[in-house]
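The values are calculated or read from the model by the stated rules, or taken from the named source; none is laboratory data. All values reported here derive from a predicted model rather than from experimental measurement. Here the Cβ positions follow ideal geometry from the backbone for every residue, glycine too, while neighbour counts run over all protein chains shown. Ligands, DNA and RNA are excluded from the accessible area calculation, which covers all protein heavy atoms including side chains. Shrake-Rupley method; radii C 1.70, N 1.55, O 1.52, S 1.80 Å.
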Amino acid sequence: HAHACVQWMAFGSNPFNALVPLYANVHAMPAYLENTPAVVTTDSFYWANRLIAALADARFHENAAAVEAYQEKMAALGHKMLHETDAAVAGLDAPAVPEKLAAANSDLASELKCATEELLGKVLYTTSCAMKNGFAMSDNVRE
């Protein structure tokens, strides 16, 4: 019987990232987590996390609550995924397990990407509003 081995992984700057559980014993990892291209892109968790860290660090106290909510959300989703996937693979024959584990990794990576993009938007907004030449919706209001 194949074991559903799990590693909790963190990519990037730990104060601003989320720990996510990933199953080992799979044939491929989700591209969002596996790919760290030379070009900065939010299609890579590594780069998205670096952008969040650069922005959130500049206004740490104003961004801390959003970062903590993101970390807690991802921890809860990770535990839910582990519980559901472990139950789903418990009765499977060993050759069928890696495909189920890879699918669970992929599903979690999709949730992680959405949550990370949402956090990036929040910290970008918070930090950019504090710029000396800040951005705000009221910039478009004419009196």
Residues being open to solvent by less than 50 Å² (accessible area, probe 1.4 Å) and over 30 Å from Pro95 (Cα atoms): count how many of those fall in region 1-24. 5
Exclusive hit being loosely packed, with under 13 Cβ neighbours inside 10 Å and touching a Pro at 6+ places or on another chain (Cβ under 9 Å), set His83, His27: His27
Could you check how many residues of region 94-109 are exposed (fewer than 13 other Cβ atoms within 10 Å of the Cβ) and either over 17 Å from Cys5 (Cβ atoms) or among the aromatic types (Phe, Trp, Tyr) (or both)? 0
Given (1) surrounded by fewer than 19 Cβ atoms within 10 Å (Cβ to Cβ); (2) closer than 26 Å to Ser128 by Cβ; (3) of a type in the set (A, V, I, L, M); (4) within 14 Å of the chain's Cα centre (by Cα), number of the condition Ile52 does not satisfy: (1)
Are any of the residues in region 12-25 at pLDDT below 95 and at positive phi? yes
I need the full set of residues from region 111-135 which are under 21 Å from Ala10 (Cβ atoms), in contact (Cβ under 8 Å) with a residue 12 or more places away in the chain and either open to solvent by 40 Å² or more (accessible area, probe 1.4 Å) or not in a helix (DSSP H, G or I) (or both), in order please. Glu111, Lys113, Glu117, Glu118, Lys122
Is it the case that region 28-46 has a residue that's more than 16 Å from Leu108 (Cα to Cα), touching a residue at least 60 places away in the same chain (Cβ under 8 Å) and of a type outside the set (A, V, I, L, M)? yes
Please verify whether region 82-100 includes one or more residues that are closer than 26 Å to Tyr23 by Cβ and within 12 Å of the chain's Cα centre (by Cα). no
